[in-house]
Amino acid sequence: MRVARIDENICDRSPFCPAAMSCRFKAFKVTFGGSFRINISIDEEKCTGCGVCTRYCPHGAIELIDREKAS
């Protein structure tokens, strides 16, 4: 089983993240902090590893990895 993982060095943390919006399983969590700080994370329990988000990420910051390696 695979799960999506975000490379935080590549992700631009856009509040309008197309990859997060593309997830029909609501696995992405976009949180807003002070001073325009955005954090985007993936709930591995909700992620099915379908890979749709990897196609929608404009920066290629999301990859699918084996669930065992994610832990």
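The values are calculated or read from the model by the stated rules, or taken from the named source; none is laboratory data. Quick caveat, the model's predicted, so the values are computed rather than measured. A quick note on method: Cβ atoms are made from the backbone with ideal geometry, for glycine too, and the neighbour counts reach across all protein chains shown. Only protein heavy atoms, including side chains, enter the accessible area calculation; ligands, DNA and RNA are left aside. Shrake-Rupley method; radii C 1.70, N 1.55, O 1.52, S 1.80 Å.
When you check ILE6 against the structure, is it open to solvent by less than 30 Å² (accessible area, probe 1.4 Å) and modelled with pLDDT of 95 or more, yes or no? Walk me through how you get there before you give the answer.
Values: open to solvent by less than 30 Å² (accessible area, probe 1.4 Å): yes; modelled with pLDDT of 95 or more: yes.
Judged against the criteria, ILE6 is a match.
If ALA27 meets every condition in (1) small (Gly, Ala, Ser); (2) surrounded by 15 or more Cβ atoms within 10 Å (Cβ to Cβ); (3) over 10 Å from the mean Cα position of the chain (by Cα) apart from one, which number is that one?
(3)
Could you tell me whether the range 49-71 includes any residue that is assigned to a loop (DSSP other than H, G, I, E, B) and modelled with pLDDT under 95?
Scanning the range 49-71 turns up at least one residue that is assigned to a loop (DSSP other than H, G, I, E, B) and modelled with pLDDT under 95.
Can you find a residue that is assigned to a strand (DSSP E or B) and on the phi < 0 side of the Ramachandran plot anywhere in the range 6-23? Walk me through how you get there before you give the answer.
Our first condition is that a residue be assigned to a strand (DSSP E or B); within the range 6-23, this holds for 6.
Pick out the ones that are also on the phi < 0 side of the Ramachandran plot and you get 6.
Scanning the range 6-23 turns up at least one residue that is assigned to a strand (DSSP E or B) and on the phi < 0 side of the Ramachandran plot.
In the range 48-70, which residues are open to solvent by 70 Å² or more (accessible area, probe 1.4 Å) and touching a residue at least 40 places away in the same chain (Cβ under 8 Å)?
Hits for the range 48-70 are PRO58, HIS59, GLU63.
If a residue must be closer than 12 Å to ALA4 by Cα and of a type outside the set (A, V, I, L, M), how many such residues does the range 35-59 contain?
Residues in the range 35-59 being closer than 12 Å to ALA4 by Cα and of a type outside the set (A, V, I, L, M): 14 in total.
Got a sec? Which of SER41, SER22 is open to solvent by less than 50 Å² (accessible area, probe 1.4 Å) and within 18 Å of ASP66 (Cα to Cα)?
Details: SER22 fails: within 18 Å of ASP66 (Cα to Cα).
The conditions single out SER41.
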